[in-house]
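One structure is given below, encoded as C-alpha cells.
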Amino acid sequence: MGYAPAFRRARAVRLVAVADPNRDRCRAVAPDTPGFDSAGALIAGSEAEAIVVATPVERHVEVAAEVAAAGLTSLVEKPPASSAEEAARLLELEPSPSIAFNRRFDGALRELRDRVPPAGPVDLQLVFDRRGTWGSYSGDDPLLLDTGPHAFDLVRWLAGSDVARLRARESRHGASIELELGKGRGTAQIEIRTNRPYREVAEVRSNGSLVGRHAVGGALQGVLARLGRATESPLVPSLTRQLDAFAASVRGERGHGVGTAGDGVAVMAAVDAARASASGAGDWQPIPVLA
C-alpha cells in the first residue's frame, strides 16, 4: 500500500490509527499502529484529526459523511464515488472533504503544467498502460472507474479547463477517449491499455509545437517487477507530498493544490459520459454541470 511509506515520509502528518474490518490488514499495513474494525471506532478511539478514506468505492461517501459528522476533514481516494450523482453528496458535507488526485503532486507533472500556456488552445495526449486494472475498486466498469478519474483530472488540471464533451470506445484491452475542452481551450486524447507493461505518458502541444512530455514506467520496469527487483511504488513521492498538502488544507492554508469535492464531481461527470458513450455507438456526450 502506497500510503504506509508515504505517512512515514510526510513531515506534516503522523499516522495514529488504521481501520479495516479485517484486522489482519491493519497489522499488515501498520503493525505498530492501533487498529480498529471501522471508521466510527477509529474516530471514537483515537486522536485522529483528519481521515484518509481508502475503502472500496461504494463506501467512500458513507465514510466521508461519518467523518464530517464527527467534525473532521477527510481525504477521499479516487474515484470519489461510483457516479457523479453520488459524488455530489460530498458537496453537502461540512467540513468539506478533499479528493486524492495524487498525480497533481508529481514533481515532473507539476513542471509540465507550469510550461502550459495559460490561454489559447492546447492538445493533450495521455497514455495509461498496465497489465490489467489496479483492482482496487469495485463496479460494473472497472476500466473507466479505475483509470478514468486519474486521466480526467489530469486533463482538467494540466489544461486549467473543464471538459465540454467527449466520446469513448472500449475494446477488449482498453479504451480510447477523445475530449473537447471548454471555452476553446483545445482537445485531449486518452489511451488506456490493459495488456502492456506499466507506463504513463503525458504530452502537451500548443500551436503544433511540443510544450513538454513526461513519461514513467515502461518495459524495463516491468522486467524488474517480474524479477522481484522493483523498488517501492512510484506513487509514494506524490502521495507523500499530497499528505503534506492535505495537512496544510486542514490548517486552513491556501494554495495547497489538493483536489476539492467539486473536482470530484466534475471528474465523475466525465466518467459517466464516457460510460454512456462507450456503451452506445461512441457518440459525443456533453458533460453536465451538476449543481
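Worth pointing out:
- Heavy-atom accessible surface of the range 27-128: percent carbon and sulfur, 1.4 Å: 49
- Highest average packing first - 13-20, 170-177, Cβ atoms within 10 Å: 13-20, 170-177
- Dipole of the chain, positive direction: furthest Cα of ALA119, GLY212, GLY160, with charges on the beta-carbon: GLY212
- Around the Cα centre of the range 68-110, unit charges on the Cβ atoms of Lys, Arg, Asp and Glu (plus for the first two, minus for the last two) sum to a dipole of about 280 debye.
- Derived scalar couplings ³J(HN,Hα) [the range 58-69; Karplus, 6.51 cos²θ - 1.76 cosθ + 1.60; whole Hz; x for Gly, Pro]: 5, 10, 4, 5, 4, 5, 4, 5, 5, 5, 5, 4
- The chain: calculated mean residue ellipticity at 222 nm from DSSP helix runs of at least 4, using -39500 (n - 2.57): -10500 deg cm²/dmol
- Rounded to the nearest 20 debye, dipole of the chain from Cβ charges on Lys, Arg, Asp, Glu: 1140
- Packing, as the average of other Cβ atoms within 10 Å across residues, places the peptides 101-109, 63-71 in the order 101-109, 63-71, highest first.
- Heavy-atom surface of the chain, accessible at 1.4 Å and reported per residue (Å²): 48
The values are calculated or read from the model by the stated rules, or taken from the named source; none is laboratory data. Model, not experiment: these values are computed from the prediction. Ideal geometry is used to build each Cβ from the backbone, glycine not excepted, and the neighbour counts take in all protein chains shown. We work out accessible area using only protein heavy atoms, side chains counted, and drop any ligands, DNA or RNA first. Shrake-Rupley method; radii C 1.70, N 1.55, O 1.52, S 1.80 Å.
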